[in-house]
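Accompanying notes for the structure given below.
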Amino acid sequence: MSKTLHHGLLLLRVLSEQPQGLTVSELADAISVHRTVAHRLVRTLEAHELCRRDHQRRIVLGTGLVSLAEPVQQDLRTLARPILDELAESTRATAHLLVRDGAARMRALMVVEPRGALVHVSFRPGQTHSIEQGSGGVAVLAHGPHREGERPEVTEARAKGYAVTTGEVIPAVTGISAAVPARDGTATASIGISVFEYTDLGQLGTTVAAAARSLGRLLD
C-alpha cells in the first residue's frame, strides 16, 4: 500500500469531518505525520483543487471533489428517484435528496414535487446552503459523533433519527430530513421533505427516516 496515497486520503477524510477547517499542524497531528509531510500533502491536494485555504488560512475541502463525485451522484440520483417519488406521494410534500458539498455546505441533488397537490414547496436542484442550517445538513451532522458546541437540533436529531428545522432555508417552511447511512457508517447525503404545515410530525419523521434507510441499503 502506498503510504503517501494513504495519508492523502486520510487527510481528506479528516477534513470531511471538520467543516470549520484545520491548520497544517492540526492535520499533521490528526493523521500522525510530521508537519512537513502534512504541508506537502496539502500543497499536492491544493494543486488538484481537492482542498483549499479559507480566509483564516485553515485547510478545508476543495471544489475539485464535486467533479470527482459527479458520476457517483448520477448513480445516486438513479437509485433515489423511486424512493423520492414514493415519499412525495405518501406525504403529499416536496421530497428532496441533499448531498454534502465540500466541508460546510449542502447541495440539493434532486427535488421531486408531489403530483396533484394544491400547494407545495418548490425549489431547484443545485441550490446550496450552510450545513449548519436546514434539516438536511442537521441530519448529516447528527449522524456523526457529538461535537462540542453543536446545535441542540443536532443533538435532538441524533436521538430521534431525523432532523426538523423551520424557516432556516426557505421562510415559513419546515424541513424534515434523515441522513442516508453509508456502508462505512458515515453519511454525506440526506433525504427529506419540505412542508408549509403538518399534523403528525412524528409520523412524517418516521416515514422520512425509513426512506433514508431504504436508499442506504441500495448503496451497500
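Read-outs: derived from the displayed coordinates by stated rules, not from any lab. Source: prediction; values computed, not measured. With ideal geometry, Cβ positions are generated from the backbone for all residues, glycine too; neighbour counts draw on all protein chains shown.
3J(HN,Hα) along segment 212-219: 5, 5, 4, 5, x, 5, 5, 7 Hz, from the Karplus curve 6.51 cos²θ - 1.76 cosθ + 1.60 with θ = phi - 60°, whole Hz, x for Gly and Pro.
Residues whose amide H comes within less than 5 Å of that of ALA103, counting only those at least five positions distant or on another chain, are LEU61 (H built at 1.01 Å from N in the peptide plane). The simple spin-label model puts a point 7 Å past each Cα toward its Cβ; for HIS6 and THR166 those points are separated by 5.1 nm. Between GLU148, GLU17, GLU156, the GNM of the chain built on Cα springs shorter than 10 angstrom shows GLU148 fluctuating the most. Counting neighbouring Cβ atoms within 10 Å and putting the fewest first, the residues ILE176, ILE131 line up as ILE131, ILE176.
What FRET efficiency comes out for the pair LEU79/PHE123, r = Cβ-Cβ distance, R0 = 35 Å, nearest 0.05? Between LEU79 and PHE123 the formula returns 0.95.
Placing unit charges on the Cβ atoms of the charged side chains and taking the dipole of the chain about its Cα centre, the candidate lying farthest along the positive direction among SER214, ALA88, PHE196 is SER214. Work out which trypsin sites (Lys or Arg not before Pro) in the chain are exposed loop sites (DSSP not H, G, I, E or B, at most 13 other Cβ within 10 Å) and give the longest gap free of them. Of all site-free stretches, the longest is 116-182.
Which of the chymotrypsin sites (Phe, Trp or Tyr not before Pro) found in segment 113-220 are loop residues per DSSP with 14 or fewer other Cβ atoms within 10 Å of their Cβ? List each step's numbers first, then the result.
Details: sites: PHE123, TYR162, PHE196, TYR198; in loops: PHE123, TYR162, PHE196, TYR198.
Qualifying residues, ordered by number: PHE196.
With a 10 Å cut-off between alpha carbons and a GNM built on the chain, which of ASP101, ASP85, ASP184 moves the most? Greatest mean-square fluctuation among the candidates belongs to ASP184.
For a Förster distance of 41 Å, can you work out the FRET efficiency between the beta-carbons of ASP200 and ARG57, rounded to the nearest 0.05? The computed FRET efficiency comes out at 0.30. Think of each Lys and Arg Cβ as +1 and each Asp and Glu Cβ as -1; about the Cα centre, that makes the dipole of segment 126-220 roughly 280 debye.
Diagonalising the gyration tensor over the Cα atoms of segment 65-219 and scaling each eigenvalue by 5 before taking the square root yields semi-axes of 20, 19, 15 Å, largest first.
Taking the Cα centre as origin and putting +1 on Lys and Arg beta-carbons and -1 on Asp and Glu beta-carbons, what dipole magnitude results for the chain, to the nearest 20 debye?
640 debye
Ordering LEU12, LEU215 by the number of other Cβ atoms within 10 Å of each residue's own Cβ, fewest first, gives LEU12, LEU215. Residues whose amide H comes within less than 5 Å of that of THR165, counting only those at least five positions distant or on another chain, are SER135, GLY175 (H built at 1.01 Å from N in the peptide plane). Springs between alpha-carbon atoms under 10 Å, Gaussian network over the chain: tell me which of LEU98, LEU87, LEU27 tops the mean-square fluctuations. Result for the chain, Cα springs under 10 Å: LEU27 fluctuates most.
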